[in-house]
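As structure tokens, the structure follows; a few thoughts come after it.
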């Protein structure tokens, strides 16, 4: 309390005992997998494995490159933004090692009949170098000679010249290109390969002037283990590296098919389960996010049912699975290959985000079309779905003129309380909102004034949710309750420094089975 000693008027600010809560974000995805290249925006992370925030496809291309063979993550990320996603994190899993072979280029001759007379290779494996060949201007007064015109060879690293060799020739002598460059250069090595029957006295220019990039050798592919996908929380790598991204609500691992593909074309189901189990564990430990899982590709409804029941055996309210895979346009297609099969998880995450934006997180993200989806891997019948839906596999089905739609909204939980995706995500949002919005209560006097302030704060937030249709009930008292009084906070609890608040909400659940009972009405005499 302030001390008043001099007469006068004083103004005091009294903090309100009621705070407002803003709903936590619900549509932030995280993608874990392979990319074309590593981002170079952080000097402390040369491999680019730490989570990066991406808010558009253009930004993703700038950081990680575009579509690339053996990378499903770019296709999934593109589908995410295409379907309504706006914010995402990317965690790159290194799946290649630097090239062990030098970069190479074969320089063409001025006369095509001479082939490629000069081969150049970098001394450093995979170096990004360019060489420029330019003829030497000998002038009009130069004596006539039977030898070809000398040339200059310039080596560039990016756009910066790093080595220049002048007055080189392809004929024997002090300025022979092979002798000079191989003796002086610290960047490249050259080799002359002239045909034996070439009459150099009849050739003015052997090499064609121009700029020629040295083509780097392909990076060496590395096997990726389940442990590498799981990563490390302390090192900020892999799935567990997403611990620092508190706002993430959906996690997707689309590159499982790349890592689990065996040489004989089959899929390593043990690795598949290992990674997805790590993903589910991460989501359960964080408590505010869900895993969107993909089944192995190429499975029939019977096979995926058996895999789900006998091999995977997942049981979690923090995971959902969608089947089958979908066909999308192949942006890197060649030789007429214009379509490619992709795991549906990235596109599904975009639909989740779109539903959150247009309707709210309490609306089941189902009975909606998938943008960019050309077809499904295999059509699913109603009877086939009747086998998959009870075990938590959400089907993607074509409906003719109604398009290709998500036709399921279940989690992988055996607990009926957490059967539906929207119920679990609504609780995630409410819990995160209360957790973040009530931090002001810590170390406040634990008395009736604090109890009433907490109740007013949470009541106001839940009333807003009920009015928007997120909670079930014809009145606020039917939709939720907040209890914080002497019963929840007895003296012994207060002595331990605890403030206990009980909150109960009645979530709306989707009308999964719509039943119309129609009977024939008999006519009776008046």
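Residues checked against (1) surrounded by 11 or more Cβ atoms within 10 Å (Cβ to Cβ); (2) in contact with a helix residue (DSSP H, G or I) (Cβ under 8 Å, 6 or more places away or on another chain); (3) assigned to a loop (DSSP other than H, G, I, E, B):
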position: 161; (1), (2), (3): yes, no, no
position: 182; (1), (2), (3): yes, no, no
position: 186; (1), (2), (3): no, no, yes
position: 191; (1), (2), (3): yes, yes, no
Any residue in the range 497-514 that is without any contact (Cβ under 8 Å) to a residue 12 or more places away in the chain, surrounded by fewer than 19 Cβ atoms within 10 Å (Cβ to Cβ), farther than 28 Å from residue 283 by Cα and over 32 Å from the mean Cα position of the chain (by Cα)? yes
Would you point out the residue of the range 387-418, among those that are free of Cβ contacts under 8 Å to residues at least 24 places away in the same chain and outside any helix (DSSP H, G or I), that is surrounded by the fewest Cβ atoms within 10 Å (Cβ to Cβ)? 399
Scanning for something surrounded by fewer than 23 Cβ atoms within 10 Å (Cβ to Cβ) and not in a helix (DSSP H, G or I), does the range 342-358 turn up at least one residue? no
Do you know which residues across the range 157-177 are under 15 Å from residue 192 (Cβ atoms) and at pLDDT 90 or above? 165
Out of the range 258-288, which residues are farther than 13 Å from residue 312 by Cβ, in contact with a helix residue (DSSP H, G or I) (Cβ under 9 Å, 6 or more places away or on another chain) and loosely packed, with under 15 Cβ neighbours inside 10 Å? 285, 287
Looking only at the range 460-470, decide whether some residue is modelled with pLDDT of 95 or more, touching a helix residue (DSSP H, G or I) at 6+ places or on another chain (Cβ under 7 Å) and surrounded by fewer than 17 Cβ atoms within 10 Å (Cβ to Cβ). yes
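Based on this model, can you work out whether residue 20 counts as touching a residue at least 12 places away in the same chain (Cβ under 8 Å), out of contact with any strand residue (DSSP E or B) (no Cβ under 6 Å at 6 or more places or on another chain), under 30 Å from residue 358 (Cα atoms) and not assigned by TED's automatic domain parsing to the domain that holds residue 350? Steps first, please.
Details: touching a residue at least 12 places away in the same chain (Cβ under 8 Å): yes; out of contact with any strand residue (DSSP E or B) (no Cβ under 6 Å at 6 or more places or on another chain): yes; under 30 Å from residue 358 (Cα atoms): yes; not assigned by TED's automatic domain parsing to the domain that holds residue 350: yes.
For residue 20, the condition - touching a residue at least 12 places away in the same chain (Cβ under 8 Å), out of contact with any strand residue (DSSP E or B) (no Cβ under 6 Å at 6 or more places or on another chain), under 30 Å from residue 358 (Cα atoms) and not assigned by TED's automatic domain parsing to the domain that holds residue 350 - is met.
Can you tell which of 291, 230 is out of contact with any strand residue (DSSP E or B) (no Cβ under 8 Å at 6 or more places or on another chain) and either surrounded by 18 or more Cβ atoms within 10 Å (Cβ to Cβ) or modelled with pLDDT of 95 or more (or both)?
Numbers: 291 fails: out of contact with any strand residue (DSSP E or B) (no Cβ under 8 Å at 6 or more places or on another chain).
Only one candidate qualifies: 230.
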Given the residues 296, 254, 301, 209, which is the only one that is outside the structural domain of residue 91 (by TED's automatic domain parsing) and either within 30 Å of residue 423 (Cβ to Cβ) or touching a strand residue (DSSP E or B) at 6+ places or on another chain (Cβ under 6 Å) (or both)? 209
Suppose we filter the range 113-143 for residues that are over 12 Å from residue 206 (Cβ atoms) and modelled with pLDDT of 70 or more; how many remain? 17
If residue 443 passes every condition in (1) out of contact with any helix residue (DSSP H, G or I) (no Cβ under 6 Å at 6 or more places or on another chain); (2) part of a helix (DSSP H, G or I) but one, which one does it miss? (2)
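With the range 1-109 as the region, which strands (runs of 3 or more DSSP E) entirely inside it contain at least 3 residues that are touching a helix residue (DSSP H, G or I) at 6+ places or on another chain (Cβ under 6 Å)?
28-33
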Whether any residue in the range 419-426 is part of a helix (DSSP H, G or I), out of contact with any strand residue (DSSP E or B) (no Cβ under 6 Å at 6 or more places or on another chain), surrounded by 12 or more Cβ atoms within 10 Å (Cβ to Cβ) and without any contact (Cβ under 8 Å) to a residue 40 or more places away in the chain is what I want to check. no
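The values are calculated or read from the model by the stated rules, or taken from the named source; none is laboratory data. Source: prediction; values computed, not measured. Methodologically, a virtual Cβ is constructed for each residue, glycine included, from the backbone with ideal geometry; neighbour enumeration extends over all protein chains shown.
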